[in-house]
Amino acid sequence: MTSPIVRMQHVSYAYESKHALHDINLEIPTGAFLGLVGPNGGGKTTLIKLLLGLLKPQKGSIELFGERIEHFKNWNKIGFVSQKANSFNRGFPATVKEVVSTGLTPNIGYFRFFTKQHKQKVEYAVDLVGMKDYLNTNIGSLSGGQQQRIFIARSLVSNPALLILDEPTVGIDTENVQKFYDLLHQLNEENNISLLLVSHDIGTMTKHANGIACLNKELHFHGDTHSFANLSENQLSNFYGHPLQVVTHQHE
């Protein structure tokens with residue numbers, strides 16, 4: 001039996017005396033497309049920082065790819081795409097190729113020449129996200145949706161097995177959001193990349209993810225999308241700590 005790529009057992013974390021996470025037990029299996037939902041201040045960012053090794057659990061344990069996180073070294077197996085669309089400096093003087101190439105820095109170090117193989121990896125990652133015609137384009141001239149694809153390519157260039165995305169559709173126009181999710185499904189189903197996607201949009205998550213984790217300092221729900229979609233609004237409101245109405249998105 002294959003070990004889950006992420007296993008959190010009884011994990012807790014607090015900032016001074018304020019609990020951010022309490023007794024979290026979470027497993028992410030290989031091939032998952034897991035949506036992480038919950039209110040602002042519910043601990044989603046803290047959970048991501050723990051998985052990326054930026055914070056250490058104060059209680060409990062975390063395993064990545066079957067290895068305790070304190071001994072884990074193979075960080076290129078995990079890609080991360082942050083909320084960048086609203087804050088990216090459009091005047092930044094770099095081409096798509098140059099931005100994606102920075103994803104190789106952890107592997108080859110700074111001030112090293114890129115080999116032909118490295119260049120092929122960059123071109124492959126850019127092609128994978130459907131942006132091969134923009135390799136030499138200044139990233140600042142691209143739309144929000146196109147920029148987000150480039151930042152996904154930057155994460156893919158090191159060939160990760162798990163891709164973590166934090167509110168990736170912020171700043172992307174409605175027309176391109178569906179194309180963006182089509183790309184995520186391709187990465188998950190055709191390229192065998194497991195996904196952990198953080199979002200406030202419950203309706204979208206129930207449409208696209210194959211599993212949902214609902215976090216509000218405690219893990220209130222962790223299961224398949226169908227079971228989550230069948231929860232009552234009253235149950236969800238109890239999870240979130242305030243009245244909640246779910247909007248279901250319909251796309252052609």
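Nothing in this text is a laboratory measurement; each read-out follows from the coordinates by a stated rule. Predicted model, so just to flag it, every value in this text is computed and none were measured. For neighbour counting, all protein chains shown are included, and Cβ atoms are generated from backbone atoms with ideal geometry for every residue, glycine included.
Exceedance of the 18 Å cut-off in Cα-Cα distance is limited, within the set Lys56/Lys217; Lys77/Lys132; Lys49/Lys217, to Lys77/Lys132. Farthest towards the positive end of the charge dipole of the stretch 6-240, among the residues Leu165, Ile48, Leu104, is the Cα of Leu104, using unit charges on the Cβ of Lys, Arg, Asp and Glu. Looking at the calculated P(r) for the chain, what percent of the C-alpha pair distances fall above 24 Å? Summing the P(r) of the chain above 24 Å gives 49 percent of all pairs. Here the sum of -39500 (n - 2.57) over DSSP H runs of 4 or more residues, divided by the residues of the chain, equals -9000 deg cm²/dmol at 222 nm, to the nearest 500. Extension gain for the segment Thr137 to Asn159, taken as residue separation times 0.36 nm less the Cα-Cα distance, is 5.6 nm to one decimal. Subtracting the Cα-Cα distance of Gln235 and Asp173 from their residue separation scaled by 0.36 nm leaves 19.2 nm. Note on the stretch 185-228: the C-alpha convex hull projects to 3.3 nm² when averaged across all orientations. Taking the chain as a Gaussian network of alpha-carbon nodes connected by springs under 10 Å, the highest mean-square fluctuation of the residues Pro93, Pro39, Pro57 belongs to Pro93. Between Lys18 and Glu190, what FRET efficiency follows from the Cβ-Cβ distance if R0 is 45 Å, with the result rounded to 0.05? It comes out at approximately 0.60. For the stretch 126-170, just say rounded, prolate or oblate: build the C-alpha gyration tensor, square-root its eigenvalues into a ≥ b ≥ c, call rounded for a/c under 1.5, and beyond that prolate if a/b exceeds b/c, oblate if not. Oblate. Ordered by the count of other Cβ atoms within 10 Å of each Cβ, fewest first, Thr137, Thr225 give Thr137, Thr225. Checking the Cα-Cα distances for Lys44/Lys119; Lys119/Lys179; Lys121/Lys179 against a 29 Å cut-off, the pairs over it are Lys44/Lys119.
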